[in-house]
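The values are calculated or read from the model by the stated rules, or taken from the named source; none is laboratory data. Computed from a predicted model, the values in this text were never measured in an experiment. Cβ atoms come from the backbone with ideal geometry, glycine included; neighbour counts cover every protein chain shown. Surface accessibility is based on the protein's heavy atoms, side chains included, excluding ligands, DNA and RNA. Shrake-Rupley method; radii C 1.70, N 1.55, O 1.52, S 1.80 Å.
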Amino acid sequence: MSQLKHRFFLILIFVAFTLTIMTHLNSSIYSRENLYATAPKALLHEEEGSTSTIPPPTNCTCVNCYEDTHCGGLWTGTAIGDRNDNHINEQERNFDKISIVVAHCNRDLSWLSNFTHGVHIHSTTIISKCQAEVEGAPQNSTIIRLENAGRCDHSYAYYITQMDHNVTGNEVVIFLKDIRDPANLHLKGYYRSLQSMLYIAAKTGFACGVKLRGNGYPPPRRKLSEYILHSAYADSRKLSEFRMGRYTRLQYGSVSVKQANFKNSKVTPMKKWLEAMSIDFPSNVTALCFGGTFAATRRNIQRQPLRVYQAIEQSLSRGDSIIENHFAERAWGGILSEPLPNFQIEALLAYKTIVSNNQGAFIGQLQRSVGNNKTKFDLDIGP
């Protein structure tokens, strides 16, 4: 009898031990599954010797922060994820070639030496239109003189049409106006440094040269105390409704520039112009860049067929101050940036509280009202 009790006791110990091991294994499996389900911040590799990765993330923690690796900084059009100043200063290493294009009228270009300090520039092209001497240009710059039509956007389209589109390579092109005076920036924001533009373009393929800040200039019927955070994106459909009846150029710094009469067009609103140019915005959200200064990789430029840029150049040849300039300014982001994945679009739409309906500069822009307490928000996320 004692032997039977002993055997029964051993069996109980074995069963208990087996149950403990199985519970531990199940717990590990469930923990691993939960880790994958709740880890959008990084692509996790399989552990069974496979080199495949877990599918891309499907949700965002935040779009106006540093912490979210896949969505942080998205709202302001910065590089996604954590910002590291040391990495920003090293971003030229990501490109084999850095080219600069300047749309020149009559400004001294001596500021370019400071702008490009410490960065190896492969080539600088000055496209000058106002019959003025080109002063302060870097040595070995290529100077091209064109008729004064289409302003900076025509210059950019012209340059792109002259690129060899059969050539591939790890190149980035920086498109600049001949002035970077904050007094000439008509929107509340600031110019990004070359290093910041390279940093963003290295990660996303496109970087707007102007970063908008929240401002307190309310559209009609909005409380004066309401503070608005501007995003780097717009509702595609609403943006395409943009039109402009008249335009008066604000003071161009301290230099007198003769103003041409504004020319509207029958190809309006913007939707008609986009169709004429064969430009297809993403169906829901598109990148929006103001200020006429941006960076784009050769790869992103060549996402569009050459005929699109040729059509833009021809359209902008109609005159000096024309509605097509304003269409093009609002279109470069959509033309040169890659469409966002659905999970990022959903996060942007969830974060915004307003789609601007104001028939002015910001029509269609995704915005967020933060009331009158702007100090609660980090309004300067990313480079």
Next on the checklist: If a residue must be closer than 13 Å to residue 174 by Cβ and in contact with a Lys or Arg (Cβ under 7 Å, 6 or more places away or on another chain), how many such residues does the range 192-206 contain?
Outcome noted: 1
Checklist outcome for this item: Flagged in the range 341-360 as surrounded by fewer than 20 Cβ atoms within 10 Å (Cβ to Cβ) and either in contact with a helix residue (DSSP H, G or I) (Cβ under 9 Å, 6 or more places away or on another chain) or acidic (Asp, Glu) (or both), in numbering order, are 346, 351, 355, 357
Next on the checklist: I'm trying to understand the selection: among the residues of the range 152-188, which are in a helix (DSSP H, G or I), within 22 Å of the chain's Cα centre (by Cα) and without any contact (Cβ under 8 Å) to a residue 60 or more places away in the chain?
Outcome noted: 155, 159, 182
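Mind listing whichever residues of the range 276-309 are of a type in the set (D, E, K, R) and free of Cβ contacts under 8 Å to residues at least 40 places away in the same chain?
Of everything in the range 276-309, those that are of a type in the set (D, E, K, R) and free of Cβ contacts under 8 Å to residues at least 40 places away in the same chain turn out to be 280, 303, 307.
Considering the range 118-151 alone, what residues qualify as being among the aliphatic types (A, V, I, L, M) and either in contact (Cβ under 8 Å) with a residue 24 or more places away in the chain or open to solvent by 70 Å² or more (accessible area, probe 1.4 Å) (or both)? Lay out the reasoning, then the answer.
Our first condition is that a residue be among the aliphatic types (A, V, I, L, M); within the range 118-151, this holds for 119, 121, 126-127, 132, 134, 137, 143-144, 146, 149.
The answer is 119, 126, 127, 132, 134, 137, 143, 149.
For the range 286-336: of the residues being in a loop (DSSP other than H, G, I, E, B) and open to solvent by 20 Å² or more (accessible area, probe 1.4 Å), which is modelled with the lowest pLDDT?
Per the criteria, the residue is 320.
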